[in-house]
Amino acid sequence: MDRYKEIIPAWERFWETLHRPLSPVIRTNTLRISPLELQKRLEAKGFRLEPLPWDETAFKVEGEIPIGNTVEHWLGYYYVQEATQAFPVRALAPRPGERVLDLCAAPGGKTTQIAQLMENKGLLVANDPAPKRLRALLANLYRLGVLCAVVTGLRGEEFPKGIHFDRVLVDAPCSAEGTARRHPRLRRGAPLGIIRRMAGLQKRLLSHALKLVRPGGIVVYSTCTIAPEENEAVVKYALDQGLAELLPWEPPVPYSPGLTSFSGEEYGPELKKAVRFYPHHFDSEGGFVAVLKRTS
Ligand SMILES: C[S@@+](CC[C@H](N)C(=O)[O-])C[C@H]1O[C@@H](n2cnc3c(N)ncnc32)[C@H](O)[C@@H]1O
């Protein structure tokens, strides 16, 4: 990660945080239960739940057994979702009755969160080309009682045009450097070859997503990586196609603005509107979110 020393604020704290364990976070499935009721049930089983101050549906959890091993999990009362991972859908802000596409959906953390905000009303298309991951996606949709979703198994960059979606989420495949707290080998940073390969696919996915959304519609681009080549460079590439503008978005937690340049590459002042999350900001993983609006 040394190549990020100049861009990550409070580098020492960032590096120290990467070596600290991460408590699991759960998101209440409000399609099935209220946060208060869920808290009571899990506390009665001996779990300690700490509500996240910025999200009334989420709790940090500690307990003697893994949080995935409960009947409440099996009944779909909650989804284990790292805190940073909840922000792309909050930025997407889907509403009941809309047409929403989740282009890289498996295993369904964000699809199920979208369905909650849509209150199970409207059309939610959950797409992912990886067969094994599709099975996990389907299982999660059933478990959480998602009724408004259809599932497709296409490469996102080939998703057919025709339906004009109100909102599209591109939670892109990435080099996952932001998950280095859980995957120590990533503390060295991802190999540059992987970063470049991912960036090519991400550019195709985001450019195509902008053609799938209606004029005036919203596309959210998110990753769980720190690499600017997979974040700001991808958004700049998509903006340069002239179909969209970048919207400002303020998350309710500490964050850093998107970069305007890195390693000799210029992304421009516009990219400050994107959001970077680092693990030492609110004891989480790392990630990136950009909100684009189709203009023509
Ligand atoms: C970061 S994960 C998505 C996580 C998911 N959104 C969630 O919250 O549970 C990225 C996903 O992109 C999928 N993917 C890989 N290549 C793709 C492509 N060409 N088009 C669409 N999705 C792709 C992977 O199979 C993987 O499931």
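Each reported figure results from applying straightforward, stated rules to the coordinates on display, with no laboratory input. Values in this document were obtained by computation on a predicted structure and should not be read as measured data. Reconstructed Cβ throughout: ideal geometry from the backbone, glycine too, with neighbour counts over all protein chains shown.
Please say if segment 126-184 is rounded, prolate or oblate, where rounded means a/c under 1.5 for a ≥ b ≥ c the square roots of the C-alpha gyration tensor eigenvalues, and otherwise the choice is prolate for a/b larger than b/c and oblate otherwise?
Oblate, because a/c is 1.5 or more while a/b does not exceed b/c.
Give me the number: length gained by fully extending LEU192 to GLU62, i.e. 0.36 nm times residue separation minus the C-alpha to C-alpha distance, one decimal in nm.
Working it through step by step, the gained length comes to 43.2 nm.
Running a GNM on the chain with Cα contacts under 10 Å, which residue among GLN241, GLN81, GLN202 ends up with the highest mean-square fluctuation?
Answer for the Gaussian network model of the chain: GLN241.
To the nearest 20 debye, what is the magnitude of the charge dipole of the chain about its Cα centre, counting +1 on the Cβ of each Lys and Arg and -1 on the Cβ of each Asp and Glu? Can you show the working numbers first?
Numbers: 40 positive and 33 negative charges, 144 e Å.
Roughly 700 debye, rounded to the nearest 20.
Set the Förster distance to 30 Å, then compute FRET efficiency between GLU245 and LYS161 from the Cβ-Cβ distance, nearest 0.05.
Working from the Cβ atoms, E equals 0.90.
Work out, step by step, the length gained on full extension between GLU270 and ALA93: first 0.36 nm times the residue separation, then minus their alpha carbon distance; give nm to one decimal. Intermediate values should be presented prior to the final figure.
Values: separation 177, 0.36 × 177 = 63.72 nm, distance 2.17 nm.
Gain on extension, GLU270 to ALA93, equals 61.6 nm.
Have a look at the DSSP beta bridges in the chain and tell me what percent are antiparallel, nearest 5.
The antiparallel fraction comes to roughly 60 percent.
If contacts are Cα pairs under 8 angstrom and at least 6 residues apart, what is the relative contact order of segment 23-81 in percent?
Answer for segment 23-81 is 47 percent.
Using packing as a proxy for protection, rank 205-213, 39-47 so that the peptide with the highest average count of other Cβ atoms within 10 Å comes first.
Values: 205-213: 21.8, 39-47: 14.4.
Put in order of decreasing packing, that is 205-213, 39-47.
At 0.36 nm per residue, minus the direct Cα-Cα distance, what do LEU75 and TYR142 gain on full extension? Give it in nm, one decimal, please.
Gain on extension, LEU75 to TYR142, equals 23.2 nm.
Structure shown: which of LYS132/LYS236; LYS203/LYS273; LYS132/LYS272; LYS110/LYS211; LYS5/LYS293; LYS110/LYS272 lie over 29 Å apart, alpha-carbon to alpha-carbon?
LYS132/LYS236; LYS132/LYS272; LYS5/LYS293
Go through segment 79-183 and name the trypsin sites (Lys or Arg not before Pro) that are in a DSSP coil and have 10 or fewer other Cβ atoms within 10 Å of their Cβ.
LYS161
Apply the a/c threshold of 1.5 to the C-alpha gyration tensor of segment 23-81 and tell me whether it is rounded, prolate or oblate.
Cα axes put segment 23-81 in the rounded bin.
Can you classify the chain as rounded, prolate or oblate using the Cα gyration tensor, where a ≥ b ≥ c are the square roots of its eigenvalues, rounded means a/c under 1.5, and otherwise it's prolate if a/b beats b/c and oblate if not? Intermediate results must be reported in sequence, preceding the final value.
Details: a/c = 1.77, a/b = 1.14, b/c = 1.55.
It comes out oblate by the Cα gyration axes.
Relative contact order (percent) for the chain, with alpha-carbon contacts under 8 angstrom and 6 or more residues of separation?
It rounds to 18 percent for the chain.
With the crude spin-label approximation of a point 7 Å out along Cα→Cβ, what separation in nm comes out for ARG185 versus ARG48?
For the pair ARG185/ARG48, the computed spacing is 3.3 nm.
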